[in-house]
Amino acid sequence: MMRIAIVYTSVTGNTKELAELVQQSFIARSIDVDFFPVNQFPLDSILEYDAIAIGTYTWGNGIIPKEMMDLFKQIEVVDTTHITTAVFGTGDSFFPYFCGAVDLFRDMLYVHTNLAVTMKVELRPQLEDIAKCSRFVDCLLEHVRQELDIVG
Ligand SMILES: Cc1cc2nc3c(=O)[nH]c(=O)nc-3n(C[C@H](O)[C@H](O)[C@H](O)COP(=O)(O)O)c2cc1C
């Protein structure tokens, strides 16, 4: 059984909605996922997961919200190279660094984990984003299965 977590942060609800769409895509494939707002995610059990999908909005001038930084640092310091990851986010293309926090997570996850896929959505998810979530989840699952094959 693979263990998968969705860990997200959201202030005005856009990223929470996107996280719920991602969760629905897993459920549609009969795959169980643990679903956490980041402040409820047990950081010390990170190694129990085969895959983690991280959801974040972007703050300031393209930066990561401060409540995500403990998770970010944990992935940097613990040996997470075998964990498959994916990062999604919502942002506002009015700002110069659209979904900058997704890019910053992506660059770190690429170095420290088995990064599968990223997804950016403009503000509140729309109907067409359901198909995007579906592809996002397929890509994550393909990568986690490959990783589990390698590890044996
Ligand atoms: C002060 C402030 C700064 C922001 N900076 C950015 C930014 O640099 N890049 C971006 O794409 N979106 C930026 N946003 C937009 C939010 O990321 C966007 O509204 C997001 O969907 C909010 O997610 P939430 O509803 O999950 O809280 C900013 C919003 C605020 C209020």
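No value in this document is a laboratory result; all are computed from the given coordinates. Note that the coordinates shown come from a computational prediction; the quantities given were computed from them, not determined experimentally. Counting neighbours? That spans all protein chains shown, and the Cβs are built from the backbone with ideal geometry, glycine included.
So, R0 is 22 Å and r is the distance between the beta-carbons of residue 148 and residue 126; what FRET efficiency does that work out to, to 0.05? Provide the component values of the computation, followed by the final result.
Details: r = 33 Å, r/R0 = 1.52.
It comes out at approximately 0.05.
In the chain, the alpha-carbon atoms span a convex hull of 98 Å³ per residue. In terms of packing, defined here as the mean over residues of other Cβ atoms within 10 angstrom, the peptides 37-44, 84-91 line up highest first as 84-91, 37-44.
With the simple model of a label 7 Å out from the Cα in the direction of the Cβ, residue 139 to residue 77 spans 3.1 nm.
Find how much the distance from residue 110 to residue 70 grows on full extension, using 0.36 nm per residue of separation minus their present alpha carbon separation; answer in nm with one decimal.
Numbers: separation 40, 0.36 × 40 = 14.40 nm, distance 1.78 nm.
That pair, residue 110 and residue 70, stretches by 12.6 nm at full extension.
Each 10 Å bin from zero holds the following percent of Cα-Cα pairs in region 110-152: 25, 43, 25, 8, 0. Residue 130 sits among other residues whose Cβ lies under 12 Å from its own Cβ, and their net charge, with Lys and Arg +1 and Asp and Glu -1, is -2. For residue 6, the residues whose amide H sits under 5 Å from its own are 34, 35, 36, 53, ignoring neighbours fewer than 5 places away on the same chain, with H placed 1.01 Å from N.
Which length gain, in nm to one decimal place, applies between residue 93 and residue 30 when the Cα-Cα distance is subtracted from 0.36 nm times their residue separation?
Numbers: separation 63, 0.36 × 63 = 22.68 nm, distance 3.42 nm.
19.3 nm is the gain from fully extending residue 93 to residue 30.
Under a 5 Å amide H cut-off, with hydrogens placed 1.01 Å from N, residue 121 pairs with 89, 90, 91 among residues at least 5 apart or on other chains.
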